[in-house]
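Just so you know, all these numbers are worked out from the coordinates, no wet-lab data involved. Every value quoted in this text rests on a predicted model; they were computed, and no experiment measured them. Cβ atoms come from the backbone with ideal geometry, glycine included; neighbour counts cover every protein chain shown.
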Amino acid sequence: KAKEAGKGNYIVFNTPLNDTFTERMNIEKQLYTAMERNEFDLFYQPQVDLALNKVAGLEALLRWNSPELGYVSPFKFIKVAEDSHLIIPLGMWVLRSACAYLKHLHELGFEHLTMSVNISMLQLLQTDFNELVLDTLQSSGLKPDCLELEITESILIESYEHVSAKLNELRDKNIKIALDDFGTGYSSLSYLTHLPISTLKIDKSFIDSIPAETNEAILLEQIMMIGKRMKMCVIAEGVERAEQLAYLQELGCDKIQGYLFSKPLAAKDMEQLLAGWENSGAASCTEP
Ligand code: C2E
Ligand code: MG
Ligand code: MG
Ligand code: MG
């Protein structure tokens, strides 16, 4: 490479790889103080039940506004938080805050709502993870069946035996388990038969293929069928267009999550949206 650049030119070290490295370093440095300085926030995105035409639950999504770095996407900082193990206290904060907010919504009269919380592998591997979840539920005064933990398949590859025992224990306590980003990564269909999965979240990449007759569309139909026949709740992520909704409805998809209904919202905005939908008697799309 140096030779190719040749003729006395400098090699400037701001290749994409190097940028990524610097970015990661900056993120890690700022992450350490971000918790103490209250720079994190939770946003919530509705999951709409298509049969009831109602918001059935919310997914809690981390937001980080850093005074130094500006808004940083969770796609970027979650990985860094995992590598530095900061995800453990941060994940606990998410769980506690999401449960407290759900309790608040129940008290406002939205008693039917559930809360979905993303869980990292590192959290699940903590020996006291299940205990912490149960304690959090108890101290927030919530019933276990209104909490759903979203895990990804990457969790499962690494220590399947250990993780499945823990998930079974949580499931026995009535906590729901969702398989997030389903169909991406190293999916194994055998997870579906051996694990206590209550919800399949079909990844946005499949939804994006609608309505084209692509291989993704074929897989989408089959995943939907498997999920339904196994009596799981099937939810489509990243639904943005009315034609996607129509297609999913035809396939018998149970729930929809996506910008078509709402982007993730701050707590106050979510309350307004819920109150609005309650009054009009239905969840409405943002598209005409
Ligand atoms: P995820 O759990 O699969 O969450 C869905 C992501 O898709 C969210 O991105 C959401 O804002 C986005 N999304 C929803 N509907 C649409 C749509 O119609 N169009 C498009 N383009 N995007 C849509 P977000 O909030 O940026 O989060 C990214 C990922 O970061 C999450 O993917 C999850 O893996 C991770 N994450 C977020 N919060 C947490 C957390 O509290 N803990 C952990 N461990 N991971 C988290
Ligand atoms: Mg998720
Ligand atoms: Mg997902
Ligand atoms: Mg994800």
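In this calculation the C-beta distance from residue 157 to residue 250 is compared with R0 = 30 Å, giving a FRET efficiency of 0.35.
Between residue 32 and residue 226, the simple label model (points 7 Å from Cα in the Cβ direction) yields a spacing of 4.4 nm.
Would you mind computing, in nm to one decimal, how far apart the modelled labels at residue 198 and residue 214 are, each placed 7 Å from Cα along Cα→Cβ? If labels sit at residue 198 and residue 214, their model points lie 3.3 nm apart.
Which residues among segment 263-280 fall inside the zone where the amide N is under 18 Å from a point 7 Å beyond the Cα of residue 54, along Cα→Cβ? Hits in segment 263-280 for residue 54 at 18 Å: 271-280. Averaging 1/r over every pair of different alpha carbons in segment 101-260 and inverting the result gives a Kirkwood radius of 16.6 Å. Against the chain, whose longest principal axis is taken from its Cα atoms, helix 267-280 shows a tilt of about 30°. DSSP beta bridges confined to the chain are antiparallel in about 45 percent of cases. Can you work out the FRET efficiency for the pair residue 20 and residue 280, with r the C-beta to C-beta distance and R0 = 41 Å, to the nearest 0.05? The computed FRET efficiency comes out at 0.35. Each principal axis of the Cα cloud of the chain was taken in turn, and the coordinate range along them, longest first, works out to 70, 49, 43 Å.
If R0 equals 30 Å, the separation of the Cβ atoms of residue 143 and residue 164 corresponds to a calculated FRET efficiency of about 0.80. Altogether, the Stokes-Einstein calculation at 25 °C and 0.890 mPa s, with the Kirkwood radius of segment 47-168 over Cα pairs as Rh, returns a diffusion coefficient of 156 µm²/s. Beyond 13 Å, the tail of the calculated P(r) for segment 173-213 holds 60 percent of the Cα pairs. Taking square-rooted eigenvalues a ≥ b ≥ c of the alpha carbon gyration tensor, is segment 98-196 rounded, prolate or oblate, where a/c under 1.5 means rounded and, failing that, a/b exceeding b/c means prolate? Prolate, because a/c is 1.5 or more and a/b exceeds b/c. Along the axis of the charge dipole computed for the chain (Cβ charges of +1 for Lys and Arg, -1 for Asp and Glu, origin at the Cα centre), the listed residues 174, 78, 123 are led at the positive end by 78.
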